[in-house]
Amino acid sequence: ELGARLDVVGVQHELGAAKAFTVGFSGGGSSNFLVAVTSAVALLQANEKLQTALLVGADLTLPGNRVLHPADPVSVLGDSAGALVLRRDALTNVFVDAELISDGTLHDVCYIPGGGLAHPEDPGLYRLMLDKKRYDQKTKTATLRQMTDTILTRAGIGLNDVAYVLYPNLSRQDQAEFQQALALKPE
């Protein structure tokens, strides 16, 4: 709730973290968390004076936007919040690595017809739309497999060493294809 109603400076103030360095990430969808984690780890590694990073994230779905493309759902959007503490001297639950990729070819596959919030008098303009045909034409499995292979190689481990996989926010069909491509068990 705190992160959902306050900006990063407001969170800093509410926590009484007067000396904290604050930064906000926006516009990257579900990748915002990985961008924030990667940035925080880099800051902790680069500056010995920094010992702890607190990452706070929150999202509120625009009214009427819980399900994308209801006839063939791709993603269910909801309200969420979370926090993560990173410490320079952590001995357990160590953050190993992250792999980020940006592919601008589908920059307009998901859009809001009304644009920004220029027309608050017409909430119907803020319905998130998905060009499902174009979305389905793009093979996401190959990109996810490439990213998985890259990060596992960098970490010096194999897929058999991985105990659990959390999928990104993809359609059920995408998850099934990714599960098959990596020969993952459903559990």
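The values are calculated or read from the model by the stated rules, or taken from the named source; none is laboratory data. Bear in mind that the values here come from a model prediction, so they are computed numbers and not experimental data. Using ideal geometry, Cβ is built from the backbone for each residue, glycine included, and neighbour counts are taken over all protein chains shown. For accessibility, only protein heavy atoms count, side chains too; no ligands or nucleic acids. Shrake-Rupley method; radii C 1.70, N 1.55, O 1.52, S 1.80 Å.
Once segment 39-61 is narrowed to residues that are among the β-branched types (Val, Ile, Thr) and assigned to a strand (DSSP E or B), the residue that is farthest from Tyr167 (Cα to Cα) is Thr52.
Can you name the residue in segment 145-168 that is open to solvent by 90 Å² or more (accessible area, probe 1.4 Å) and among the polar types (S, T, N, Q) and, of all such residues, is nearest to Pro70 (Cα to Cα)? Checking each candidate, the answer is Gln146.
Within segment 104-126, the set of residues being open to solvent by 70 Å² or more (accessible area, probe 1.4 Å), modelled with pLDDT under 80 and not in a strand (DSSP E or B) comprises Pro113, Leu117, Ala118, His119, Pro120, Glu121, Pro123.
Residue-wise test of (1) open to solvent by less than 60 Å² (accessible area, probe 1.4 Å); (2) among the hydroxyl-bearing types (Ser, Thr, Tyr); (3) assigned to a loop (DSSP other than H, G, I, E, B); (4) modelled with pLDDT under 75.
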| site | (1), (2), (3), (4) |
| --- | --- |
| Ala17 | yes, no, yes, no |
| Val37 | yes, no, no, no |
| Pro63 | no, no, yes, yes |
| Leu84 | yes, no, no, no |
| Asp97 | yes, no, yes, no |
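Give me the residue from segment 176-187 that is closer than 23 Å to Val96 by Cβ and not acidic (Asp, Glu) and, out of that set, most open to solvent (accessible area, probe 1.4 Å). The extreme case among them is Lys185. When segment 65-82 is limited to residues that are assigned to a loop (DSSP other than H, G, I, E, B), touching a strand residue (DSSP E or B) at 6+ places or on another chain (Cβ under 9 Å) and at pLDDT 75 or above, the one that is most open to solvent (accessible area, probe 1.4 Å) turns out to be Arg66.
Residues that are closer than 29 Å to Glu177 by Cα and open to solvent by 60 Å² or more (accessible area, probe 1.4 Å) are absent from segment 39-56 altogether. So which residues in segment 49-85 are of a type in the set (Ser, Thr, Tyr) and in contact (Cβ under 8 Å) with a residue 24 or more places away in the chain, if there are any at all? Scanning segment 49-85 gives Thr52, Ser75.
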